[in-house]
Amino acid sequence: MTTTTPTLVYDIGNNRYLNITARCTLRCQFCPKHNGSKQIHEYDLSLSKRITADDIIPLLGDVKKVDEYVFCGFGEPTLNLECLLQVAHAIKAQGGRVRLNTDGLGNHFHRRNILPELSQCVDSLSISLNADTPQSYEQHCQPKLAGSYQALLEFIQQAPQFIPEVQVSAINGLANVDITRCRAIAEQNGAIFKQRELDKLG
């Protein structure tokens, strides 16, 4: 891939991933883009312009041949909310299934509850928790907005009220992170916990 041809849509297994923004609310120290890489598998996810629904929708393909469309790139999809919602509605209109991978800070960033809008077009959420205390979250995720960890916990608490399937993930192997407590945070809020392993992507 050359940087002149950005990867907006890429497949892993039978899922199709949608890369709609390079912007993020976090500066996670374990993220490849902060360690000199913009690649997932063989795909270069660098973006140099603002992506719109018109860029993505023609690339969706046949929804019947895709298990799930996943909003996931090296940016936070909810920062390009208009595009996300338009594309997700287009997928649902064709009978497709939509998952959103998120850092859970969409409400905090937009200063309103975006879950009712997401509930109209998103089947499942995967929320990155990654820490069991504000201190370890600050250490590893380096949020750009004050109060992010508390906002994330509130999003995890609210999400199952709006979205049928909610998964909360954390990475095993991060210093000063208790993975058992991360699991407890997920499960006590009615979410499924997914343990990821450090340095394994995709």
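Considering the range 148-168 alone, what residues qualify as being within 15 Å of F193 (Cα to Cα) and β-branched (V, I, T)?
Scanning the range 148-168 gives I156, V166, V168.
Quick one: E154 ticks every box in (1) open to solvent by 20 Å² or more (accessible area, probe 1.4 Å); (2) under 26 Å from T7 (Cβ atoms); (3) part of a helix (DSSP H, G or I) except a single one, so which number is it?
E154 satisfies every listed condition except (2).
Take the residues in the range 122-151 that are in a loop (DSSP other than H, G, I, E, B) and touching a Ser or Thr at 6+ places or on another chain (Cβ under 9 Å); name whichever of them is nearest to R97 (Cα to Cα).
L129
If we keep just the residues of the range 179-191 that are surrounded by 14 or more Cβ atoms within 10 Å (Cβ to Cβ) and assigned to a loop (DSSP other than H, G, I, E, B), which is farthest from the chain's Cα centre (by Cα)?
N189
Consider only pairs whose beta carbons are under 7 Å apart and that are at least six residues apart or on different chains; among these, list those whose first residue lies in the range 168-192 and is touching a residue at least 60 places away in the same chain (Cβ under 8 Å) and whose second residue is of a type in the set (V, I, T).
What qualifies is A191/I156; A191/V166; A191/V168.
For the range 168-178, which positions are open to solvent by 50 Å² or more (accessible area, probe 1.4 Å) and modelled with pLDDT of 95 or more?
D178
Here is a list: E197, E165. Which entry is exposed (fewer than 15 other Cβ atoms within 10 Å of the Cβ), under 16 Å from the mean Cα position of the chain (by Cα) and not polar (S, T, N, Q)?
One residue alone meets the criteria, E165.
The values are calculated or read from the model by the stated rules, or taken from the named source; none is laboratory data. Just so you know, these numbers come straight off a predicted model, no measurement behind them. FYI the Cβ positions are ideal-geometry reconstructions off the backbone, even for glycines, and counts take in every protein chain you see. Note: areas computed on protein heavy atoms with side chains; ligands, DNA, RNA excluded. Shrake-Rupley method; radii C 1.70, N 1.55, O 1.52, S 1.80 Å.
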